[in-house]
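> Handing you a structure now.
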Amino acid sequence: MPELPEVETVRRGLAPFMEGAAFTRVELRRANLRFPFPERFAERLVGRRIEALDRRAKYLMARLDDGATLAMHLGMTGRFTIELAGGAANIPGDFVYQTGRNAIHDHVLFALDNGVSVRFNDARRFGYMTLIDGMLERHPLFEGIGVEPLSNELTPEYLAKRAAGKIAPLKSFLLDQRVIAGLGNIYVSEALFRAGLRPTRPAAVLATKSRAPTAACERLVAAILVVLEEAILAGGSSLRDFAGVNGAPGYFQHTFGVYGRTGEPCLQCGVAIERIVQSGRSSFFCPRCQR
DNA sequence: AAGCGAACCTGGCTGC
DNA sequence: TGCAGCCAGGTTCGCT
């Protein structure tokens with residue numbers, strides 16, 4: 001589910017309900033997700049007010065009034081839903097409220113002093129939450145993390161410098177969160193399609209011998225921006241289980257150029273889209289448009 | 001030392 | 001209907 005646009009969509013959905021509110025009760029239904037919860041996690045949260053709900057890379061960052069930050073990662077299947085005091089409701093980000101047998105995957109419940117409760121459900125438990133004191137940049141999760149793709153730090157010059165001399169394929173180079181923070185398997189495929197670059201090309205094609213950006217690098221940076229901005233505008237992408245409250249499948253999936261379209265015609269040239277496996281993950285590309 | 005495959009965990013879909 | 005096999009948005013670890 002969650003690459004940068006999905007996490008940003010969740011953030012925008014949750015922020016109006018969480019910012020300015022304080023935790024009145026925190027319930028952990030198990031001792032760990034991907035990692036154990038930190039010591040006294042629930043006790044430390046209760047009474048704290050959320051000053052802002054931000055995003056860094058694929059993390060939701062709740063800035064607390066005691067200076068600490070609650071960092072939350074959705075993993076593969078993590079999702080937040082909210083309920084208002086008077087009954088079930090859904091956040092503007094349009095996520096399905098889980099009921100029935102999925103309830104066994106409700107792992108964290110936050111009750112807030114504005115009457116809102118927030119539920120974290122994560123079937124595969126690749127998600128996690130932690131509390132960070134002090135400088136974020138020095139926390140193991142965030143030191144060495146790459147640039148925000150939607151900030152002005154992502155420039156052709158930056159990307160060329162990072163790519164220079166690298167033999168690794170563009171696919172894995174772009175998935176590396178130490179280079180760019182927030183891209184995932186879907187948007188890497190989409191960005192490479194837009195840039196006309198085959199995922200198997202070595203990352204070094206982005207740089208000249210003097211480590212300056214090539215034309216391909218310029219195209220790629222532009223493509224990354226367009227793909228992410230479009231996805232955020234559309235309310236996050238949507239794979240099967242990213243459906244909206246009204247049961248409608250998500251909005252952005254129609255506009256995928258290559259992701260999940262094996263054998264279907266390229267929207268630009270009609271040639272069949274191909275799927276290959278790189279580093280154990282699927283890559284999709286048009287064999288004619290991407291060289 | 002970069003780069004790859006495996007591992008973490010569960011559910012959904014396909015095909016026999 | 002049952003069951004085996006394969007696939008999935010992410011990240012980290014350990015072996016070349």
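Nothing in this text is a laboratory measurement; each read-out follows from the coordinates by a stated rule. Everything numeric in this text was worked out from a predicted model, so none of it was measured. Quick reminder, even Gly has a Cβ in these numbers, built from the backbone with ideal geometry, and neighbours come from all protein chains shown.
> Sticking with the crude label model, points 7 Å out along Cα→Cβ, report the distance from residue A:200 to residue A:167 in nm, one decimal please.
Taking the two extended label points, one gets 1.7 nm.
> While we're looking at this one, here's another question. Could you calculate the FRET efficiency of residue A:114 with residue A:176 from 1/(1 + (r/R0)^6), where r is the beta carbon distance between them and R0 is 51 Å, rounded to 0.05?
Using R0 = 51 Å, I get an efficiency of 0.80.
> Find the centroid of the Cα atoms in segment A:159-175 and in segment A:48-84, then give the distance between the two in whole Å.
What the calculation gives is 30 Å, centre to centre.
> Give the calculated FRET efficiency between residue A:34 and residue A:148 to the nearest 0.05, with a Förster radius of 30 Å applied to their Cβ-Cβ distance. Kindly include the intermediate steps, with their values, before the conclusion.
On the way: r = 23 Å, r/R0 = 0.77.
According to the calculation, E is roughly 0.85.
> Another question about this same structure. When a footprinting reagent is the concern and you count Cβ atoms within 10 Å, what order do A:158, A:187 take, fewest first?
A:158, A:187
> Multiply the residue separation of residue A:282 and residue A:229 by 0.36 nm, subtract the distance between their alpha-carbon atoms, and state the gained length in nm to one decimal.
Gain in length upon complete extension: 16.8 nm.
> In straight Cα distance, which lysines are under 25 Å from residue A:209, not counting same-chain residues fewer than 8 positions off?
A:161, A:166, A:171
> Which value in nm describes the separation of the simple spin-label points at residue A:214 and residue A:106, placed 7 Å from the Cα toward the beta carbon?
5.3
> A follow-up question, please. Once you have all Cα-Cα distances for segment A:4-138, histogram them in 10 Å bins from zero and send the whole-percent values.
Going from the shortest bin to the longest, the percentages are 12, 48, 37, 3, 0.
> On average, how much area does the Cα convex hull of chain A cover when viewed from any direction, in nm²?
Averaged projected hull area, Cα only: 15.6 nm².
> Sort A:282-289, A:210-217, A:190-197, A:133-140 for me by packing, meaning the mean count of neighbouring Cβ atoms within 10 Å per residue, highest on top.
Values: A:282-289: 19.9, A:210-217: 15.9, A:190-197: 24.5, A:133-140: 11.1.
Ranked by mean Cβ neighbours within 10 Å, highest first: A:190-197, A:282-289, A:210-217, A:133-140.
> In the calculated pair distance distribution of segment A:156-285, what percentage of Cα-Cα distances lie above 18 Å? Intermediate results must be reported in sequence, preceding the final value.
Numbers: 4532 of 8385 pairs.
Counting pairs separated by more than 18 Å, the tail of P(r) holds 54 percent.
> A further question on this structure: Which net charge results when you count Lys and Arg as +1 and Asp and Glu as -1 among the other residues whose beta-carbon is under 11 Å from that of residue A:202?
Net of charged neighbours comes to +4.
> Among A:33-43, A:74-84, how do they line up by average Cβ neighbours within 10 Å per residue, starting with the highest?
A:74-84, A:33-43
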